[in-house]
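Below you'll find the structure, written out as structure tokens, and then a few comments.
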Amino acid sequence: MRRTAHLVALGASLALVWAASAAVASAGGVCALDTEPNDTPATAELILAPVSGTLSATDTLDVYRVATAPGESLEARLTHDFASDGSGDFDLYLFAPFTADVGDFADALTFSAAGPPVSSEYFRYRIPGAGEYYVVVRGFETTAEVVGYDLTVALDDAPAPLSGIER
């Protein structure tokens, strides 16, 4: 069984649109846009459907919650745009339930931080226990421009590699 939420960036337009995940995924469309603030675990959005997000120099984190069951594998894939000057580097992190500070990246369970000129990040992680895990999109090198990203988060019963990360 596979549950998927796509997070698709649409630029600076931030209107909230909800639709059924299966219908949107099969149509290749957009479900919802992220709502600010969502920069901490306390303000993290629960991923129930596809969501859109953007980052800039003044908004460098978007935090999402993913409800999981033990033994599931969580897969996250991020692609992002670059600023008009070619700058911009986004990273992708996973934090455990009850993490208070997702700004301390040393505490991440796993991450992907490829760096320019690569505009995509990916990880797969086997969930050891049920809970709400945090998927964090971080603008490592951002400019004053608003830059969009696409994020897909999927959960399934297939085990992830024992290392907890696959790229």
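The values are calculated or read from the model by the stated rules, or taken from the named source; none is laboratory data. Worth saying up front: this structure is predicted, and the values here are computed from it rather than measured. Every residue, glycine as well, gets a Cβ built from its backbone with ideal geometry; the counts of neighbours run over all protein chains shown. Accessible surface areas use protein heavy atoms only, side chains included; no ligands, DNA or RNA. Shrake-Rupley method; radii C 1.70, N 1.55, O 1.52, S 1.80 Å.
Where residues in the stretch 136-160 are of a type in the set (Gly, Ala, Ser) and either modelled with pLDDT of 85 or more or assigned to a strand (DSSP E or B) (or both), which of them is surrounded by the most Cβ atoms within 10 Å (Cβ to Cβ)?
GLY139
Taking the condition of being crowded, with 16+ Cβ neighbours inside 10 Å and at pLDDT 85 or above, how many residues in the stretch 41-52 meet it?
Final tally of qualifying residues: 3.
Do we have ASP62 as modelled with pLDDT of 90 or more, in a loop (DSSP other than H, G, I, E, B) and within 17 Å of GLY139 (Cα to Cα) here?
Answer is no for this residue.
Which residues, counting only those in the stretch 102-135, are under 22 Å from ASN38 (Cβ atoms), open to solvent by 60 Å² or more (accessible area, probe 1.4 Å) and in a strand (DSSP E or B)?
Result: PHE111, GLU132.
Could you list, in sequence order, all residues of the stretch 86-101 that are in contact with a Ser or Thr (Cβ under 7 Å, 6 or more places away or on another chain) and assigned to a loop (DSSP other than H, G, I, E, B)?
Hits for the stretch 86-101 are SER87, GLY88.
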